[in-house]
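Here, each number is a calculation from the coordinates, and none is a lab measurement. All figures in this text were calculated on a predicted structure; none of them were measured in a lab. Reconstructed Cβ throughout: ideal geometry from the backbone, glycine too, with neighbour counts over all protein chains shown.
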Amino acid sequence: MLKPNMPSVNDQEDPTVPSGLPAVIDAHVHIFPRSIFSAIWKWFDENGWHIRYQMTSSQVFEFLLSHGIQHIIAFQYAHKPGIANMLNTYMAEKCSLFNNRVTGLATVFPGEPDAEKLLQKAFDAGLGGLKLHAHVQCFDMNSDPANRLYECCRINKKPVVMHVGREPKSSAYRCDPYQLCSAEKLEHIVKDFPDLKICVPHLGFDEIKAYKKMIEKYDNLWLDTTMAIAGYFPITGEIDLSCYRSDRLMYGSDFPNIPYAWDRELKILKDKNISDNALEKIVHKNATDFFSLKTEPQKEHHEKTGHQIS
């Protein structure tokens, strides 16, 4: 799906969250040290799209918070063994600067020496879960090394966010996501770890229907909307979120690694045929529950209903 020179979209961005939405938690944001961010920008320029927001990690947080996002869930991923401890330390330090308005997740390279110890150290430092990315890390999600990471998350009551959907695929990855990733493989984990909270980003793209059925079947599985509802990828058929189990969906932006305006998906969510109750769950409540956030109640960004979000 990822191809060189995919289009960059010059759509309008607004200075704040669209009016009428409840307080918004962005459950899918990326930060990295500057050298890794620079490498990511170069990779996307060569193999995908031009990233519209080329910022430092602090600028990423400052931008979203100043534009009306109430809380941020921040991700990194170790693309090779030996760097997870540095990345986790970096994440914890960056999050500490933003007055409990950012929750950072840990990273570890599955199968690297002392992976579980590295993950436990990150949890002890205050990180709020684990992010894995099968396309980049090229790991077998049903392997013993991966199972040990899930068990560490389960014991610590920390969630795991796993990019194990098969798309967006790229020939530039050093492994084939279609060989590593599938809803069927993920279902084994959901069954084997019933008290582990798992989120699959991008609505499980490209097995969207299969993942929709799975969140209806399993209470420990969530999906996030990131990039799947933006109208950017050529997804067959309209995604009708009103037909989804609304307590198992979370809004995420993939900021800053996107080719379009930061608020594009929020505007689409606002205009979709979704009830106020479901919308509140998708943009606020579900992330609060999934990541065990302690956020302060805030008013909506528009006095449409006048109620407060808790």
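Which whole-angstrom value gives the distance between the alpha carbon centres of the stretch 199-217 and the stretch 32-58?
Spelled out, the Cα-based centre of one part sits 27 Å from the other.
Kindly state, as a whole number, the per residue volume in cubic angstrom of the convex hull around the alpha carbon atoms of the stretch 1-140.
128 Å³
Send over the per residue convex hull volume for the chain, Cα only, as a whole number of Å³.
119 Å³
If you count, for each residue, the other Cβ atoms within 10 Å and average over each peptide, how do 55-66, 161-172 line up from highest to lowest?
161-172, 55-66
Rounded if a/c is under 1.5, else prolate if a/b beats b/c, else oblate: with a ≥ b ≥ c from the C-alpha gyration tensor eigenvalues square-rooted, which is the stretch 118-189?
prolate
Using the alpha-carbon centroid of each, what span in Å lies between the stretch 260-293 and the stretch 63-104?
21 Å
Given Cα pairs under 8 Å that are at least 6 residues apart, what percent is the relative contact order of the chain?
Dividing the mean separation by the residue count of the chain yields 23 percent.
Place the peptides 247-253, 104-110, 44-50 in order of packing, highest mean first, counting for every residue the other Cβ atoms within 10 Å and averaging per peptide.
Per-residue mean Cβ counts within 10 Å order the peptides as 104-110, 247-253, 44-50.
Go through Lys3/Lys185; Lys209/Lys294; Lys94/Lys158; Lys197/Lys272; Lys80/Lys158 and tell me which ones have a Cα-Cα distance over 29 Å in this structure.
Cα-Cα > 29 Å for Lys209/Lys294; rest within.
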